[in-house]
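Here the structure comes first, spelled out in structure tokens, and everything after it is commentary.
The values are calculated or read from the model by the stated rules, or taken from the named source; none is laboratory data. The model shown is predicted, which means the values in this text are computed figures rather than measured ones. With ideal geometry, Cβ positions are generated from the backbone for all residues, glycine too; neighbour counts draw on all protein chains shown. The protein model used for the area step is the full one, side chains on, heavy atoms only, and it has no ligands, DNA or RNA in it. Shrake-Rupley method; radii C 1.70, N 1.55, O 1.52, S 1.80 Å.
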Amino acid sequence: GIDTSRCPNSIENYGKTFRVGAKLEDGSRTLADAMVAVTEYSGFIAEKSPVKRITIKDCAFESRTIDLTFGQKLEIANHDPKGFYAPALSNSTMPAVMIPAPNGDPITIYSEKPGYSRITDQMGSALNADVYTMLQPLHAVSDVSGHYRIDGVPVGKSKLNARLRTINHDVTKPIEVHDGVVERIDLVLSYKTPAAVIVDAGPIKPNLR
């Protein structure tokens, strides 16, 4: 349902249900754009960065999923030399059309409430992304290599959650964090291609007049 005619290169990012990277030994592949968050931890963690910046190139955001902490401002920079876009966030009031100039200063958008929303282009390109605005800062988005990093997780037991909206799939894993240790935790999101549906409309009758 996405029109890529204005910029055929955007098919590389938006042409499939989800983006994958290299094939692993067990036959699975690394998954991009998965939202990952730590929950059910003890203590209060403050957001350290007031700004989240993303870039546009080849009619696409660098990621199809954007993670924000409520109160962070989202800066959008345009690295398309000839592309003009007007990004708009679905859960926020846009008093004016803001267009980041190619290779110029970024525009700034604020998410007005926590939860799920989307960014689309008011100028009609395929540019879009899922946006998750969290009330806490322990979250990240996986890149094409499947890598994500969440710093500052409190010591003790908590849960690690991953979600990819385009396949409507979530996974949760109990974890235990140890003091002074960088730990690798893999999560697996499974997807089965839907079976093909054949529609038989019956014989076509000519309309003779």
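Rounded, prolate or oblate for the range 58-197? Axes are the square roots of the Cα gyration tensor eigenvalues, ordered a ≥ b ≥ c, and the cut-off for rounded is a/c under 1.5.
Because a/c hits 1.5 or more and a/b exceeds b/c, the range 58-197 counts as prolate.
Of all the accessible heavy-atom surface of the chain, with the other protein chains kept in place and a 1.4 Å probe, what percent is carbon and sulfur?
After summing per-atom areas, the C and S share lands at 53 percent.
Could you compute the FRET efficiency for residue 159 and residue 58, with r as their C-beta to C-beta distance and R0 at 35 Å, rounded to 0.05? All intermediate terms of the calculation are to be shown ahead of the outcome.
Details: r = 36 Å, r/R0 = 1.03.
Once the sixth-power term is evaluated, E becomes 0.45.
Just the number please: accessible area per residue for the chain, 1.4 Å probe, all protein chains included, in Å². It would help to have the intermediate numbers written out before the result.
Details: 13030 Å² over 209 residues.
Roughly 62 Å² per residue, with all protein chains present.
Leaving out same-chain residues fewer than 8 places away, which lysines sit with a Cα under 21 Å from that of residue 48?
73, 113
Multiply the residue separation of residue 187 and residue 91 by 0.36 nm, subtract the distance between their alpha-carbon atoms, and state the gained length in nm to one decimal.
So the extension gain works out to 31.6 nm.
Could you rank 16, 57 by how accessible they are, 1.4 Å probe, largest area first?
Listed by decreasing accessible area, they come as 16, 57.
Cross-link candidates for residue 157: which lysines have Cα within less than 22 Å, leaving aside residues fewer than 8 places away along the same chain?
173
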